[in-house]
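First the structure, in the form of structure tokens, and then the observations on it.
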2 protein chains.
Amino acid sequence: MEIAILLFVGITALDAIGPYEVLSRMPNTRVKFVGKQVGPVKTDNQMCTVVADYSITDVRKPDILVIPGGWGADEVMKDLQILEWVQSVHQTSIWTTSVCTGSLVLASTGILKGQEATTHWTALEELKALGASAVSKRVVKSGKIVTSAGVSAGIDMALQLSAWIGGEDLAKKIQLSMEYDPQPPFDAGTPAKAGDKIVCMINNK
Amino acid sequence: MEIAILLFVGITALDAIGPYEVLSRMPNTRVKFVGKQVGPVKTDNQMCTVVADYSITDVRKPDILVIPGGWGADEVMKDLQILEWVQSVHQTSIWTTSVCTGSLVLASTGILKGQEATTHWTALEELKALGASAVSKRVVKSGKIVTSAGVSAGIDMALQLSAWIGGEDLAKKIQLSMEYDPQPPFDAGTPAKAGDKIVCMINNK
């Protein structure tokens, strides 16, 4: 199974590495990091560099497409060459997926028109404005399109995907191999759980 | 605050990127990916390339050291030049931390002698053999040394660290910005929770 993860300048690293870490553990799977061009890509905060070993002209028909988010998605949403690639890949993909604001890229191609989808909680209105039926959920399946919420949600999405592809035992094996038994020290992962004070700290940034 | 994350061939990507994603969101923080040499580093499955923008001779006194794991840790444990760097950095660090089998590298320097520490569940015996008091916990604090369990545990460790450094509200803000509201589709993140059948799938691999 060939999996393409799109890389671009200004990507949020965990959006890409979360699903990669899960999906690369499936049997007979090859994950390819795909950029507009081959080469190193700086993440959103410029502190991390991940390499696109493949370009969009190298990888035409992956079985699974993963589109991560990050502020760099704003540029990708306007890049006709990448959008055409996404549309083309989606025509033959088994699964088309996104993490965080990666769903805004999917929406920009028209793929999400009228479809239930999700994104980072700060971007739900923008996703709606792009024609999707935006819902506040961790993972949303709409046919073969699977979108997930902000940053860390890509791990949950990929585990769910691995179960759909290879069965529950495979997903559990992957979960155990990653020791994914999350124990965040606080319960502040959604706006409702974090409360107004913390939400304001982000909105007034 | 300067944070050094060690990179090496055969690293597990999420071990490094989990803590990076959390810690880079602290104010006035610079995360530096540090290799024995500057340059691209292939991860454990060869499918991902992360770049070490700095070498161990460039970064001598980071405030926080993060040592990720992966099968490549086996070589690092025998690399005297890296072990001496770890020891030297530990002398002036505010926090010395590890994810997954990164604690085996810490233990190889003697730093963990008699100290409570943890690692990936498959490596607890090895950690004990290296002189640490190995415990099966998600995150273990022993003075300024903080070790965490396998792969995904680095996210929880880093959130806890951000709270110790900047207070609970900062940690909650980071958690919300990453939308870290984990909802794994299964409850199989530890050997006990996954059960014998799944554990055997990994042990008999």
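The values are calculated or read from the model by the stated rules, or taken from the named source; none is laboratory data. As the structure is a prediction and not an experimental result, all values here were calculated from the model. Methodologically, a virtual Cβ is constructed for each residue, glycine included, from the backbone with ideal geometry; neighbour enumeration extends over all protein chains shown. Remember, those area values only see protein heavy atoms, side chains included, never the ligands or the DNA or RNA. Shrake-Rupley method; radii C 1.70, N 1.55, O 1.52, S 1.80 Å.
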Report yes if some residue within segment B:86-102 is among the β-branched types (Val, Ile, Thr), under 26 Å from B:Glu168 (Cβ atoms), in contact with a helix residue (DSSP H, G or I) (Cβ under 7 Å, 6 or more places away or on another chain) and within 11 Å of another protein chain (Cβ to nearest Cβ); otherwise report no.
yes
Going through segment A:73-100 one residue at a time, which ones are touching a residue at least 40 places away in the same chain (Cβ under 8 Å) and in a loop (DSSP other than H, G, I, E, B)?
A:Asp79, A:Ser93, A:Ile94, A:Cys100
Which numbered condition trips up A:Cys100, out of (1) among the hydrophobic types (A, V, I, L, M, F, W, C); (2) surrounded by fewer than 24 Cβ atoms within 10 Å (Cβ to Cβ); (3) touching a strand residue (DSSP E or B) at 6+ places or on another chain (Cβ under 8 Å)?
(2)
Can you find, within segment B:176-194, the residue that is nearest to A:Val22 (Cα to Cα) among those that are within 8 Å of another protein chain (Cβ to nearest Cβ), open to solvent by 10 Å² or more (accessible area, probe 1.4 Å) and of a type in the set (A, V, I, L, M, F, W, C)?
B:Phe186
So, in segment A:105-118, how many residues would count as being among the β-branched types (Val, Ile, Thr) and either outside any loop (DSSP other than H, G, I, E, B) or closer than 15 Å to B:Pro182 by Cα (or both)?
1
For A:Leu14, indicate whether it is more than 9 Å from every other protein chain (Cβ to nearest Cβ) and either open to solvent by less than 40 Å² (accessible area, probe 1.4 Å) or closer than 29 Å to A:Gly143 by Cα (or both).
no
Taking segment A:31-60 only, how many residues are open to solvent by 10 Å² or more (accessible area, probe 1.4 Å) and in a loop (DSSP other than H, G, I, E, B)?
11
What is the residue count in segment B:120-153 for residues that are within 10 Å of chain A (Cβ to nearest Cβ) and in contact (Cβ under 8 Å) with a residue 40 or more places away in the chain?
9
Considering segment A:35-57 alone, what residues qualify as being among the hydrophobic types (A, V, I, L, M, F, W, C) and within 16 Å of A:Glu75 (Cβ to Cβ)?
A:Val41, A:Ala52, A:Ile56
Give segment B:61-75 a look and list any residue that's open to solvent by less than 70 Å² (accessible area, probe 1.4 Å) and under 30 Å from A:Met1 (Cα atoms), or say none.
B:Pro68, B:Gly69, B:Gly70, B:Gly72, B:Ala73
Does A:Ala163 satisfy the condition of being away from chain B (no Cβ under 14 Å), over 29 Å from B:Trp164 (Cβ atoms) and not in a loop (DSSP other than H, G, I, E, B)?
no
Which condition does A:Val151 not pass, out of (1) touching a helix residue (DSSP H, G or I) at 6+ places or on another chain (Cβ under 9 Å); (2) part of a loop (DSSP other than H, G, I, E, B); (3) open to solvent by 20 Å² or more (accessible area, probe 1.4 Å), if it passes all the others?
(3)
Identity of the residue in segment B:57-85, touching a strand residue (DSSP E or B) at 6+ places or on another chain (Cβ under 7 Å) and of a type in the set (A, V, I, L, M, F, W, C), that ends up farthest from B:Leu159 (Cα to Cα):
B:Val59
Considering A:Ser98, A:Ser133, A:Ser108, which residue is among the hydroxyl-bearing types (Ser, Thr, Tyr) and farther than 19 Å from A:Leu6 by Cα?
A:Ser133
Can you tell me which residue within segment A:120-141, out of those that are assigned to a strand (DSSP E or B) and open to solvent by 20 Å² or more (accessible area, probe 1.4 Å), is nearest to B:Pro182 (Cα to Cα)?
A:Val139
If you take the residues in segment B:154-175 that are touching a residue at least 60 places away in the same chain (Cβ under 8 Å) and among the small types (Gly, Ala, Ser), which one is surrounded by the most Cβ atoms within 10 Å (Cβ to Cβ)?
B:Gly154
Residue under evaluation B:Asn28, criteria (1) open to solvent by less than 10 Å² (accessible area, probe 1.4 Å); (2) within 26 Å of B:Ile165 (Cα to Cα), criterion not met:
(1)
Starting from segment A:19-32, keep only residues that are under 12 Å from B:Asp44 (Cβ atoms) and more than 9 Å from every other protein chain (Cβ to nearest Cβ), then list their pairs with residues that are in a loop (DSSP other than H, G, I, E, B) and not charged (D, E, K, R) whose Cβ atoms are within a distance under 7 Å, requiring at least 6 positions of separation or different chains.
none
Which condition number in (1) farther than 28 Å from B:Ile202 by Cβ; (2) open to solvent by less than 10 Å² (accessible area, probe 1.4 Å) is the one that B:Gln87 fails?
(2)
